[in-house]
Amino acid sequence: MSLDRMMEPDRKWMQKAFREAERAFDADEVPVGAVVVKDNQIIGRGHNMVEQLNDPTAHAEIIAITAACETLGEKFLTDCTLYVTLEPCPMCAGAIVHSRLDRLVFGAFDEKAGATSTLYNIVQDDRLNHQVEVVSGLDSERAGGILRDFFRQKRESARQE
């Protein structure tokens with residue numbers, strides 16, 4: 001089986017994460033989206049809501065993980081995959097480990113706060129009680145593009161004020 005064919009399910013679910021990122025963009029939030037998948041079904045979804053909730057912990061990953069745990073009625077997300085459009089930060093990487101997700105698939109690398117490969121690799125640190133399989137850079141151009149567009153728009157708006 002070719003690599004492209006193996007990646008088809010991941011691409012399908014990443015499209016759902018992009019829809020969440022677009023919801024964040026439309027709400028004037030940093031456009032990051034996430035979905036948690038188990039048994040070929042979305043059990044949790046989220047997008048950044050930091051501004052809307054005035055909560056620095058309201059990242060897409062945290063919201064999606066919380067929703068997935070609520071759906072399952074459990075605190076652990078074994079046999080689940082988190083798809084997120086941007087590499088998780090240290091806070092979100094910690095939540096990924098603590099929720100015991102099996103896999104993480106992310107889009108754009110985060111050079112300023114990436115904690116699953118770029119600056120740190122919290123989710124695969126063997127000193128912790130759980131490690132996560134990581135697929136990095138899936139549709140990274142699209143993921144980076146939506147972020148660049150958002151911040152370009154922000155800069156242009158600021159200049160006009």
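What the table below lists for this structure:
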item	result
Boolean, A17 is modelled with pLDDT of 95 or more and closer than 23 Å to R148 by Cα	yes
Residue ID - nearest to A58 (Cα to Cα), chosen from residues in region 109-133 that are open to solvent by 10 Å² or more (accessible area, probe 1.4 Å) and of a type in the set (A, V, I, L, M)	A113
Residues located in region 135-161, provided they are aromatic (F, W, Y) and either over 21 Å from the mean Cα position of the chain (by Cα) or surrounded by 14 or more Cβ atoms within 10 Å (Cβ to Cβ) (or both)	F150
Condition check for V123: in contact with a strand residue (DSSP E or B) (Cβ under 6 Å, 6 or more places away or on another chain) and closer than 21 Å to R11 by Cα	no
Count of region 2-56 residues which are in a helix (DSSP H, G or I) and of a type in the set (V, I, T)	1
Extreme residue, least open to solvent (accessible area, probe 1.4 Å), among residues of region 72-108 that are of a type in the set (K, R) and part of a loop (DSSP other than H, G, I, E, B)	R100
Evaluation of C69 against (1) crowded, with 18+ Cβ neighbours inside 10 Å; (2) part of a helix (DSSP H, G or I); (3) in contact (Cβ under 8 Å) with a residue 60 or more places away in the chain; (4) more than 12 Å from the chain's Cα centre (by Cα) (one fails), failing number	(3)
Count of region 16-44 residues which are closer than 14 Å to T81 by Cα, without any contact (Cβ under 8 Å) to a residue 40 or more places away in the chain and either in contact with a Lys or Arg (Cβ under 7 Å, 6 or more places away or on another chain) or surrounded by fewer than 21 Cβ atoms within 10 Å (Cβ to Cβ) (or both)	4
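Residue-wise test of (1) within 11 Å of the chain's Cα centre (by Cα); (2) closer than 23 Å to Q124 by Cα; (3) not acidic (D, E).
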| site | (1), (2), (3) |
| --- | --- |
| F18 | yes, no, yes |
| A21 | yes, no, yes |
| I42 | no, no, yes |
| P90 | no, yes, yes |
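The values are calculated or read from the model by the stated rules, or taken from the named source; none is laboratory data. All values reported here derive from a predicted model rather than from experimental measurement. Backbone-built Cβ (ideal geometry, glycine too); neighbour counts: all protein chains shown. Side chains included, ligands, DNA and RNA excluded: accessible areas come from the protein's heavy atoms. Shrake-Rupley method; radii C 1.70, N 1.55, O 1.52, S 1.80 Å.
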